[in-house]
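Undergrad: One structure is given below, represented as structure tokens, and several questions about it will come after.
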Amino acid sequence: MQKPQLLVPVIDTSNGSLVHPAYFLLVGIPGLGPTIHFWLAFPLCFLYALATLGNLTIVLIIRMERCLHEPMYLFLAMLSTIDIVLSSITMPKMASLFLMGIQEIEFNVCLAQMFCIHALSAMESAVLLAMAFDRFVAICHPLRHASVLTGPTVAKIGLAALTRGFVFFFPLPFILKRLSYCRTRTVTHSFCLHQDIMKLSCTDTRVNVVYGLFIILSVMGVDSLFIGFSYILILWAVLELSSPGAALKAFNTCISHLCAVLVFYVPLIGLSVVHRLGGPTSLLHVVMANTYLLLPPVVNPLVYGAKTKEIRSIVLRVFSQGSK
């Protein structure tokens with residue numbers, strides 16, 4: 001039986017034909033055999049179920065309880081919605097890879113997954129910035145909080161986060177399609193990332209490198225700087241409070257958000273650094289990428305559920321009523 005053609009010429013250019021593979025091959029975790037991958041699928045499925053259940057619970061609670069229709073909780077609902085979509089885009093394919101050894105992912109499907117991962121990450125970064133701004137106004141200008149962060153303003157911020165993530169990352173699939181892929185088809189992650197796909201090209205990738213660096217700096221880089229600046233101002237305002245108890249209470253409202261920021265940005269910065277250092281993709285790259293994508297959807301609902309009194313009390317009330 002004749003094997004299917006794996007490399008497909010798609011466009012004739014002045015320099016020849018662009019060559020795209022019919023599909024890429026996902027590796028999972030390099031160096032681990034199919035048996036270890038199989039057993040890793042079960043904790044992965046558990047994490048996916050935990051992330052989906054936790055984030056969906058937060059979204060439903062905030063939607064049903066009118067007392068939670070405040071900026072902080074509305075931003076949290078946006079964050080949880082993004083985490084649900086992000087984990088649903090990556091984890092099921094990873095589970096099929098680990099559980100059944102299905103490595104193939106079609107070329108266009110891989111590009112679509114890559115776009116969704118990067119765009120949703122940018123949206124999550126924007127929501128984390130909005131949450132930092134909410135905490136800044138609530139602590140530094142409490143009397144103006146209700147007038148500054150109104151319902152329409154929160155909706156506009158959410159729309160701006162959605163639009164920015166889409167606009168900045170929409171060109172990525174197209175600048176990857178302008179490349180030829182005549183090297184290996186192996187993507188050394190469990191999902192598709194721009195840096196990984198770009199490395200498989202045998203043509204000039206300077207446009208991809210420059211644009212990728214531009215968007216990471218102008219989106220996540222700018223967001224992280226503004227978040228850091230917001231917390232400097234918050235810390236300054238907290239230290240000026242005369243009562244230690246009031247200062248601790250004010251800063252305690254930021255703990256959950258600080259945890260979410262660290263869980264998101266530390267793996268993201270680490271992943272960007274190890275990719276920019278060059279060299280072949282290593283186990284470190286894979287671990288950082290998996291941590292960057294899998295950790296926030298699981299950790300965020302746990303942290304907010306444990307540290308936010310209003311959400312915790314509602315969850316306990318629902319479970320206590322269900323046990324009667």
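Undergrad: Once you charge only the Cβ atoms, +1 for Lys and Arg and -1 for Asp and Glu, what is the size of the charge dipole of the range 176-268 about its Cα centre, to the nearest 20 debye?
TA: Dipole of the range 176-268, to the nearest 20 debye: 520 debye.
Undergrad: Probe of 1.4 angstrom, ligands and nucleic acids ignored: what's the accessible area per residue over the range 95-144, in square angstrom?
TA: 38
Undergrad: If you don't mind, there's one more thing I want to ask. Return the distance in nm (one decimal) between the two label points of a simple spin-label model at Leu53 and Cys67, each offset 7 Å from Cα along Cα→Cβ.
TA: Placing both labels 7 Å along Cα→Cβ, they lie 2.6 nm apart.
Undergrad: Choose one answer from Leu26, Leu225, Leu47: the residue with the largest mean-square fluctuation in a GNM of the chain with alpha-carbon springs under 10 Å.
TA: Leu225
Undergrad: Test of understanding: in a Gaussian network model of the chain with alpha carbons linked when under 10 Å, which of Ser88, Ser201, Ser313 would top the mean-square fluctuation ranking?
TA: Of Ser88, Ser201, Ser313, the most mobile in the Gaussian network model is Ser313.
Undergrad: In debye to the nearest 20, how big a dipole does the chain give about its Cα centre with +1 on each Lys and Arg Cβ and -1 on each Asp and Glu Cβ?
TA: It works out to roughly 260 debye.
Undergrad: Now for a separate question. What nm distance separates the two modelled labels at Thr291 and Lys249, each placed 7 Å from Cα along Cα→Cβ?
TA: 3.7
Undergrad: Same structure again: Quick query: amide H of Thr186 versus all other amide H atoms, modeled in the peptide plane; which residues come in under 5 Å with a sequence gap of 5 or more or a different chain?
TA: Distant-sequence amide H within range of Thr186: Leu25.
Undergrad: Then there is this: For Val210 and Leu99 in the same chain, what is the full-extension length gain: residue separation times 0.36 nm, less their Cα-Cα distance, in nm?
TA: 36.3 nm
Undergrad: Thinking of the chain as a set of Cα atoms, what percent of all their pairs are more than 34 Å apart?
TA: Of all Cα-Cα distances in the chain, 31 percent exceed 34 Å.
Undergrad: Between Leu316 and Thr186, what is 0.36 nm times their sequence separation minus the Cα-Cα distance? Round to one decimal in nm.
TA: Net length gain for the segment: 42.1 nm.
Undergrad: Do the sum for the chain: with -39,500 (n - 2.57) for every DSSP H run of n ≥ 4, divided by all residues, what is the mean residue ellipticity at 222 nm, to the nearest 500 deg cm²/dmol?
TA: -24000 deg cm²/dmol
Undergrad: Under 11 Å from a label point 7 Å along Cα→Cβ of Glu240: give me every residue in the range 135-160 with its amide N that close.
TA: Under cut-off, by backbone N: 140-141.
Undergrad: Using 7 Å Cα-to-Cβ label points, what is the Ala146/Thr35 separation (nm, one decimal)?
TA: According to this spin-label approximation, the distance is 6.6 nm.
Undergrad: Using a Gaussian network for the chain with springs between C-alpha atoms less than 10 Å apart, which of these wobbles most: Arg185, Arg66, Arg135?
TA: Arg66
The values are calculated or read from the model by the stated rules, or taken from the named source; none is laboratory data. None of these values were measured; they are calculated from a predicted model. Glycine also receives a Cβ, built like all others from the backbone with ideal geometry; neighbour counts cover every protein chain displayed. Heads up: the accessible areas ignore ligands, DNA and RNA and are worked out on the full protein's heavy atoms, side chains in. Shrake-Rupley method; radii C 1.70, N 1.55, O 1.52, S 1.80 Å.
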